[in-house]
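Structure record follows, encoded as structure tokens.
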Amino acid sequence: MLMNISYNWLRELTGARLTAGELRERLTTAGLEVEAVHEAGDDFVLEIAVSSNRPDLLSHLGVAREVCTLAGGEVRWPEMRAAREEGRTESFTSVEVEAADLCPRFTARVVRGVRIAPSPAWLVARLQAIGQRPINNVADITNYVMLELGQPLHAFDLEKLNERRLVIRRARAGERLTTLDGVERELDAEMLVIADAARAVAIAGVMGGAETEISGATEDVLIEAAHFAPASVRRTSRALGLQTEASDRFERGIDYEGQLRAQARAAALITELAGGTATTDAIDVYPQPLTPPLVPLRFARVRELTSLDVPPEDSIRILGALGIELAGANGAGRSAADAGGQGAASEATFVSPSWRADIRIEEDLVEEVGRHFGYDKVSDTLPAANVAGEYGAHEGRRREARRALNACGFDEALTYSFIDTAHDEQFELLPGLVRRAGESSLVTLNNPIIEGAARMRPTLLAALLESARHNFNHGTRDVRLFELGRVFAAGVEAGDQPRETEACALVATGVATEEGHAGASRELDFYDLKGALEAALAAMNVSSVEFAATSARHLREGQAAQILLAGNAAGVLGRLADDVAAVYKFKQPIYVAEVDFTSLLAAGETSVRYAPLARFPGVVRDASLVADRRVTFAEMRRAVLELNLEQVRRVTLVYVYEGERVPEGQRSMTLRIEYRADDRTLRDQEVDELHGRIVNTLEEKFGAQLKR
Amino acid sequence: MSSEVREQPQIEAVREAFEQEFGRFARFRGAEASAGVDALKSSEAETLLREVGDLRTRHTGKKSALANLKKMIGRVAPEERAAFGQQAQQLEAAIIESLEEVESLIGNHVARLRVERELLDVTLPGRRPRRGHQHPITLVRQRIEDIFVAMGYTVEDGPEIETDFYNFDALNIPRAHPARSPQDTFYTSEGFALRSQTSTVQIHAMQRRKPPLRVIAPGKVFRRDTPDATHNPMFFQLEGLLVDRGITMGHLKGTVTEFLRRLYGPQTRTRFRPSYFPFTEPSAEFDFSCFKCNGAGCRLCKGSGWIELGGSGMVHPNVLRAVDIDPQEFSGFAFGFGIDRMCMLNFGLDDIRLLFENDVRFLEQFN
Ligand SMILES: [Zn+2]
């Protein structure tokens, strides 16, 4: 959270003679990140980014303590005495805290006979410099005191409070209140309100009500300063969607001892600037006073954790300047007073200040000492090397797969892990991701940030196709992308942590191109996609992969293959079905693949076994066979291999032809068969005979005809 | 000159027969020869070359008149034999010389024209299929992993969808910390959180291994930021963790400096600024001297000479306790930074959304 700090104000509180630029430098070095400094009239404004553990810095006082610690000197308290005082507060009002669990402390003080008017010029200027809008003198003073001391205050028109008294209680369910911003709000029974005898008049710690606010006619003012439970204020603020300067501070935690001081400061300013007479005291409902925790520090621990050699007296000085007082010292039987001395105590106890809830353990003190002693004094040291490094499991295989896909022309893509619910049911998911038949296995976000993107992706394809679309829209129609990333499915049992599987998806469309050349070398097709996948599998040295015809929801019938890994389904590839392509408005063929990469990584590797080189020459024979086009290469090849002929060493594809001179519905496939014997050169006659048997088998089995 | 022989007419007949046929090549001899050849087109020259070859076969081959003449030598009267032989040889030498001269002249011309015809434009692009490119985040991540593995770190990862325990509780993030709110962190309908920092892997790593340990965890993290030029709701982070006896902030700073020196060069310096993270105490953000201007100030470092990179600190004792490590015996440091941010810096990206748009024109630039 950003806090605007006025340079002039800070100087009044500290007397420090540093320039705004110097302050910026020193504060940043001490851990108060000054994001910007800008001029505002005769003043400078320092914008400080305040971390959530330091709500005390949401005030000039808090920053002043840091300045005094780094520049020396002590905080100079502003005027705390009212110009005129008379009568006790209880003579004019009363306070009843019903919900003490949400309101550990409540104080009230009254100033009677004020004259509401615009604030004097210096006050207006100061508020405006740090970005606050002036309203009237009393309202501005409550604001000013909050910015000065960090304690939010609220001023009520005493006259407008029913029975002139306050009750701090939970709201009644459905109770309504119109807040200062003019919005009527419905409250729930968990919200803490400040009420009068009849109704809620403020939402505690968040915003006051419009009906009881200070107006030009106000004469008697009731100033409230309280300590509200942070969690309660946070909940109320969220539930109402109402975040204010007050709620920001209460949520993060305020100085639990700061209420009376803020009352005194407000009374002093009101009586000075708006006239009137303050009561002599404040009503203070504080049933269970909080005691500050004690925190031990072994002085050697500073060095053990930071490597900084800080003498104990410096540690004590730094902590003291921050308001972290020494409570006692021990070790070597010394007294607290000696703790700072030469050869002093080895450890001491400190009091955690009421405004520093972040000081609870020894390490917290070490940090305070370290940051003010100076992190710039920490030197670079390398820990002694004692272990060997190690890549993540399968990193080598991952890198090989990426490189292989790159070599096939595929660019690596990265897409968001959440996708639009519109993609539900579009794709056939990886086999492992389906929970149980009929049961959704999708993982859903309650609070997506991109509209509609509420699904943790069960497939990479949806977003990868969106990326292809993006490229089309920008004039690139030849696109080959792949992505490696996790896909998600609900846990096996309801309430189980979602399952995460690594997937690899490919998208290919357009034409193949050559590096440095414009224009196409040819259209991409199914076999380019399959080839890329095969290249990746080969690079990963994955053994026992097979492809088989299949059908899949998102793939065109007849152009879809299943990838089998040791016989188990591990994904599908093929041409994107027309209905899915239409969703993305694709007009050109798109080929897609998605495989279970986790399974691929876990799959066994092919081990290399040397085969002796042939001593006798082999003979190669081709056979061109015309057969029904549904007869697959794999079937033909298997039929040859199943003959178990010792001399048949290899069956490979030469080419496939369809078209002229081949009847419709048929195709010609040319196989190359390599014959060889280990102990002699095969005679032509032998090879003729073997080749003839093979051709006969293929003719009989598949109704194929040998082309001569 | 040799004396007259009786067979003189036969010798003269052979000479005349040759000279008559050779006459059309005569222009390729003498002073005008090279001009005559240079005027030839390559097809003409090739034809002529072939014709000269034919001429050679016909006039010097085994069945040629010249060969017959030489066979006559034995039959010539003994007193004239020497003179006849000499004259026949002179004739042969003259014919061969004429042929060779023309042959080589035209032959060279043909060769020259062939070289001319087959001249290549060596600046045309070589023949190779278009290569794909690795994503810039992958490039940077692999480089970082290589450095840390060499420094003795083990690369670890954990789930991207986490329980509150790993994402918050074990990291000492207070119940009321704004990071836990659904404003900042994504939650699934079953109440799991998308991990908002890779620090979660610290916890997994410390549960899996006992100290001393050195771990880095690069990975995806998620925060509910609306995408703009400098924010994405998903980005990549790297978390580093070292736990051992006697570890100090000096070791933390030394390690971060060493890593950045290996990445950006030996002149790199680092500095700490005190900061707050729930899972470290003390905590510090670290900056490094700008690799472009080496600290002098430039546009990349907005004139400061320093580049802010990430957060770090000494592992909070509560975090160590959450995984049963005694903070009195062991101490450790942790640091983290954005890989996306490093990509932006290294490659000079001006819009972080480019990283997930997968525009081929963008991806093609990385190698
Ligand atoms: Zn620079």
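Numbers for the structure displayed
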{"read-out": "Qualifying positions in the stretch B:173-214 - more than 11 Å from chain A (Cβ to nearest Cβ), in a loop (DSSP other than H, G, I, E, B) and more than 27 Å from A:Tyr416 (Cβ to Cβ)", "value": "B:Lys210"}
{"read-out": "In the stretch A:181-191, residue least open to solvent (accessible area, probe 1.4 Å) [restricted to those that are out of contact with any Asp or Glu (no Cβ under 6 Å at 6 or more places or on another chain) and in a loop (DSSP other than H, G, I, E, B)]", "value": "A:Met191"}
{"read-out": "Given (1) part of a loop (DSSP other than H, G, I, E, B); (2) farther than 30 Å from A:Glu304 by Cα; (3) β-branched (Val, Ile, Thr), index of the condition A:Thr381 fails", "value": "(2)"}
{"read-out": "Complete set of residues in the stretch A:479-511 that are at the interface with chain B (Cβ under 7 Å from one of its Cβ atoms) and touching a helix residue (DSSP H, G or I) at 6+ places or on another chain (Cβ under 7 Å)", "value": "A:Val479, A:Leu481"}
{"read-out": "Top-ranked residue in the stretch B:127-138 [being open to solvent by 60 Å² or more (accessible area, probe 1.4 Å) and assigned to a loop (DSSP other than H, G, I, E, B); ranked as farthest from A:Arg399 (Cα to Cα)]", "value": "B:Arg127"}
{"read-out": "Near pairs, Cβ below 7 angstrom, 6+ apart or cross-chain, from the stretch B:306-330 (over 18 Å from A:Val366 (Cβ atoms)) to any residue that is away from the ligand (no atom under 16 Å from the Cβ) and open to solvent by 60 Å² or more (accessible area, probe 1.4 Å)", "value": "B:Val323/B:Gln207"}
{"read-out": "Matching entry among A:Val626, A:Val620, A:Val654 (being closer than 30 Å to A:Arg693 by Cβ, out of contact with any helix residue (DSSP H, G or I) (no Cβ under 9 Å at 6 or more places or on another chain), part of a strand (DSSP E or B) and open to solvent by 70 Å² or more (accessible area, probe 1.4 Å))", "value": "A:Val620"}
{"read-out": "Qualifying residue in the stretch A:445-465 (condition: facing chain B (nearest Cβ under 9 Å) and more than 19 Å from the chain's Cα centre (by Cα))", "value": "yes"}
{"read-out": "Contacts under 7 angstrom Cβ, first residue in the stretch A:1-28 being closer than 12 Å to A:Leu70 by Cα, partner in a loop (DSSP other than H, G, I, E, B), 6 or more apart", "value": "A:Thr14/A:Gly73; A:Thr14/A:Val75; A:Thr14/A:Arg76; A:Ala16/A:Gly73; A:Arg26/A:Leu18"}
{"read-out": "Test: residue in the stretch B:97-111 that is within 24 Å of A:Leu484 (Cα to Cα) and more than 11 Å from chain A (Cβ to nearest Cβ)", "value": "no"}
{"read-out": "So A:Arg693, is it in contact (Cβ under 8 Å) with a residue 40 or more places away in the chain and open to solvent by 70 Å² or more (accessible area, probe 1.4 Å)", "value": "yes"}
{"read-out": "Of the criteria (1) surrounded by fewer than 17 Cβ atoms within 10 Å (Cβ to Cβ); (2) closer than 30 Å to A:Ser59 by Cα; (3) free of Cβ contacts under 8 Å to residues at least 12 places away in the same chain, which one A:Asp376 fails", "value": "(3)"}
{"read-out": "Whichever residue in the stretch B:156-172 is within 26 Å of A:Gln243 (Cβ to Cβ) and in a loop (DSSP other than H, G, I, E, B) and, among such residues, is farthest from the other protein chains (Cβ to nearest Cβ)", "value": "B:Phe168"}
{"read-out": "Number of the exception - A:Asn4 against (1) modelled with pLDDT under 95; (2) surrounded by fewer than 21 Cβ atoms within 10 Å (Cβ to Cβ)", "value": "(1)"}
{"read-out": "Meets criteria (farther than 30 Å from A:Asp43 by Cβ and either open to solvent by 40 Å² or more (accessible area, probe 1.4 Å) or touching a residue at least 60 places away in the same chain (Cβ under 8 Å) (or both)) for A:Val95", "value": "yes"}
{"read-out": "Unique residue being under 30 Å from A:Arg403 (Cα atoms), of a type in the set (A, V, I, L, M) and either open to solvent by less than 40 Å² (accessible area, probe 1.4 Å) or outside any helix (DSSP H, G or I) (or both) when the list is B:Leu124, B:Leu120", "value": "B:Leu124"}
{"read-out": "Residues satisfying the stated conditions in the stretch B:215-244, i.e. facing chain A (nearest Cβ under 10 Å) and in a loop (DSSP other than H, G, I, E, B)", "value": "B:Arg223, B:Arg224, B:Asp225, B:Thr226, B:Pro227, B:Asn232, B:Pro233"}
{"read-out": "Some residue of the stretch B:130-138 being more than 8 Å from chain A (Cβ to nearest Cβ) and not basic (Lys, Arg)", "value": "yes"}
{"read-out": "Strands (runs of 3 or more DSSP E) (entirely within the stretch A:260-335) containing at least 2 residues that are open to solvent by less than 10 Å² (accessible area, probe 1.4 Å)", "value": "A:294-298"}
{"read-out": "Unmet requirement for A:Glu79, which otherwise passes all of (1) assigned by TED's automatic domain parsing to the domain that holds A:Val201; (2) among the charged types (D, E, K, R); (3) not in a strand (DSSP E or B)", "value": "(1)"}
{"read-out": "Pair list, Cβ under 7 Å, 6 or more apart: the stretch A:545-563 residue within 25 Å of A:Thr606 (Cβ to Cβ), other residue among the hydroxyl-bearing types (Ser, Thr, Tyr) and not in a strand (DSSP E or B)", "value": "A:Ala561/A:Thr550; A:Gln562/A:Thr550"}
{"read-out": "Some residue of the stretch A:415-427 being at the interface with chain B (Cβ under 7 Å from one of its Cβ atoms) and open to solvent by 10 Å² or more (accessible area, probe 1.4 Å)", "value": "yes"}
{"read-out": "Complete set of residues in the stretch A:1-57 that are polar (S, T, N, Q) and more than 14 Å from chain B (Cβ to nearest Cβ)", "value": "A:Asn4, A:Ser6, A:Asn8, A:Thr14, A:Thr19"}
{"read-out": "Count - residues of the stretch B:192-224 that are open to solvent by 40 Å² or more (accessible area, probe 1.4 Å) and more than 41 Å from the chain's Cα centre (by Cα)", "value": "2"}
{"read-out": "Subset of the stretch A:558-582 (residues that are of a type in the set (A, V, I, L, M) and surrounded by fewer than 16 Cβ atoms within 10 Å (Cβ to Cβ))", "value": "A:Ala566, A:Ala582"}
{"read-out": "Helices (runs of 4 or more DSSP H) wholly inside the stretch B:261-367 that include at least 2 residues being within 16 Å of the ligand (Cβ to nearest atom) and surrounded by fewer than 18 Cβ atoms within 10 Å (Cβ to Cβ)", "value": "B:339-347"}
{"read-out": "Filter result for the condition that a residue is surrounded by fewer than 16 Cβ atoms within 10 Å (Cβ to Cβ) and in contact (Cβ under 8 Å) with a residue 12 or more places away in the chain, over A:Asp688, A:Asp679", "value": "A:Asp679"}
{"read-out": "Test: A:Gln151 is open to solvent by less than 10 Å² (accessible area, probe 1.4 Å) and assigned to a loop (DSSP other than H, G, I, E, B)", "value": "yes"}
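The values are calculated or read from the model by the stated rules, or taken from the named source; none is laboratory data. Not measured: the values here are computed from a predicted model. Positions of Cβ are backbone-derived with ideal geometry, glycine not excepted, and every protein chain shown enters the neighbour counts. Remember, those area values only see protein heavy atoms, side chains included, never the ligands or the DNA or RNA. Shrake-Rupley method; radii C 1.70, N 1.55, O 1.52, S 1.80 Å.
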